[in-house]
Amino acid sequence: MPNIIYLDNASTTKLDPVVKETFSSALDKYFANPSSIHKLGQEANYLLNKTKDEILALLRCSDHQVIFTSGATESNNLAIKGVCLRYKNRGHHIITSIYEHPSVLEAFKQLEKEFGFEVTYLYPNSDGVISPQDVKKAIKKETIFVSIMAVNNEIGSVNPIEQIADLLKDYPKVIFHSDAAQLIGKTNKNINFNKIDLLTISAHKMHGLVSSGVLIKRKKIELLPLASGGGQEYNLRSGTNDLASALAFKKTLELALSTSKERYLRVENLANRLISYLKSNPYLYELNLPKEINPYIINFSSIKKKGSVVVEALSNAGIMVSSISACHSSKEKGSYVVASLGKNELISNNTVRVSLDYLNTNEDIDTLVSTLDKIIKDIR
Ligand code: PMP
């Protein structure tokens, strides 16, 4: 087996050894249940609340609460169904985009089919972006909720979530959620998260634990809990608190935010190296790049070979990339995300997603490029 080159970082990232150490030492040290009233339990509870305050301080959110979850899928479901079912008497119209992650789209579809909500699915504009103006145009008297992702997980388009939040201030009945699973730690911008009502974050996209995430929620917003029980997490997500995961999450976030600008620069150079190869071969590849990309995600289509064949051949050569997002690659033929950009069937059926990380090197990109070249020429 050749050396592995891992270029599937939008699916998941390698656990940071510092996070691993934080987690394993916390497992030994803080095993008591934070809901227990004895001294050990109360110490754990104090630490849990302190950790939440530190997470809010890292994100510079002064008006919010942290709800620990099992990752972005759960955070999205809790935000979407939690808000819509809680406030259903205020209106039945909700808005999202057509290229959200399945954990958002399926939650909207459930609200549509099972609970009678009317959903507007917005398309990206020609830049691959959900335009604030389109959000504004879609709002009706009955609208209660908007969910627009921060960075798309297949094509890396960056949505103007602050601008969307700003315009929604004129509609006090409308609550705004953003799935930021692919944004946190992977941007060079200073984003004012305080503007966002509900924010989804996942740990394993930024070198943290799998099955760990948060929903950041503006305090005054109420949610219908999806998991009822002992009342943990402000009665919104019952179940014994996982303090070790909470501490590991905070460490993950701290590392990601403190290094994001330098890591971004490094990844941007790698992305440019790959893009210039792809652009120099327009008969072999079509780039599925929005106008403003997040360089962590580069999506292109193979014109001469099937995307799945290219991905498999790269894998056989020790290079790990995806065709479409791992979350639905077994079920669907093509990429609904690339199709939403108005690309034809050939292009949306043959996508290849290279998702980069600061751990990748120029040599990784050069090996990818030379292997791609061989594959395109050799495989039938
Ligand atoms: N949203 C986005 C944008 C994602 O990329 C992913 C992971 N593919 C998820 C949600 C789901 O994340 P998790 O694995 O933490 O549930």
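Worth pointing out:
- Counting only residues that are at pLDDT 95 or above, open to solvent by 30 Å² or more (accessible area, probe 1.4 Å) and acidic (Asp, Glu), the stretch 124-165 holds 3 of them.
- None of Lys173, Lys217 is in a strand (DSSP E or B), modelled with pLDDT of 95 or more and away from the ligand (no atom under 15 Å from the Cβ) except Lys217.
- Scan of the stretch 3-15 for residues that are within 16 Å of the ligand (Cβ to nearest atom) and surrounded by 15 or more Cβ atoms within 10 Å (Cβ to Cβ), ordered by number: Tyr6, Leu7, Asp8, Asn9, Ala10, Ser11, Thr12, Thr13, Leu15
- Filter result for Ala26 (surrounded by fewer than 16 Cβ atoms within 10 Å (Cβ to Cβ), in the same structural domain as Ala246 (by TED's automatic domain parsing), out of contact with any Pro (no Cβ under 6 Å at 6 or more places or on another chain) and assigned to a helix (DSSP H, G or I)): no
- Residues of the stretch 40-95 that turn out to be closer than 18 Å to Glu112 by Cβ and either open to solvent by 50 Å² or more (accessible area, probe 1.4 Å) or outside the structural domain of Phe193 (by TED's automatic domain parsing) (or both), as a count: 5
- Selection of the stretch 219-232 for residues being in contact (Cβ under 8 Å) with a residue 60 or more places away in the chain, in contact with a Leu (Cβ under 9 Å, 6 or more places away or on another chain) and either within 30 Å of Lys20 (Cβ to Cβ) or open to solvent by less than 30 Å² (accessible area, probe 1.4 Å) (or both) yields Ile221, Leu223, Leu226.
- For the stretch 296-313, filtering for residues that are outside any helix (DSSP H, G or I) and surrounded by fewer than 22 Cβ atoms within 10 Å (Cβ to Cβ) leaves 4.
- Total residues in the stretch 30-73 satisfying the condition of being farther than 22 Å from Phe193 by Cα and basic (Lys, Arg): the figure is 1.
- Which numbered condition Glu286 fails, given (1) surrounded by fewer than 24 Cβ atoms within 10 Å (Cβ to Cβ); (2) touching a residue at least 60 places away in the same chain (Cβ under 8 Å); (3) outside any strand (DSSP E or B): (3)
- Taken as a whole, the stretch 343-353 holds no residue that is under 19 Å from Arg266 (Cβ atoms), at pLDDT 95 or above and not polar (S, T, N, Q).
- Breaking point among (1) more than 21 Å from Lys220 (Cα to Cα); (2) more than 12 Å from the ligand (Cβ to nearest atom); (3) among the β-branched types (Val, Ile, Thr), for Ile155: (2)
- Residue satisfying all of: in the stretch 104-123; part of a loop (DSSP other than H, G, I, E, B) and free of Cβ contacts under 8 Å to residues at least 40 places away in the same chain; surrounded by the fewest Cβ atoms within 10 Å (Cβ to Cβ) among these: Gly116
- Within the stretch 337-347, not a single residue is crowded, with 20+ Cβ neighbours inside 10 Å, part of a helix (DSSP H, G or I) and free of Cβ contacts under 8 Å to residues at least 60 places away in the same chain.
- Taking first residues from the stretch 68-85 that are at positive phi and partners that are open to solvent by 10 Å² or more (accessible area, probe 1.4 Å) and more than 7 Å from the ligand (Cβ to nearest atom), the Cβ contacts under 7 Å between residues at least 6 apart in sequence or on separate chains come to Gly71/Ser211.
The values are calculated or read from the model by the stated rules, or taken from the named source; none is laboratory data. Quick caveat, the model's predicted, so the values are computed rather than measured. So basically every Cβ, Gly included, is an ideal-geometry build from the backbone, and we count neighbours across all protein chains shown. Accessible surface is based on the protein model in full, side chains and every heavy atom, while ligands, DNA and RNA are left aside. Shrake-Rupley method; radii C 1.70, N 1.55, O 1.52, S 1.80 Å.
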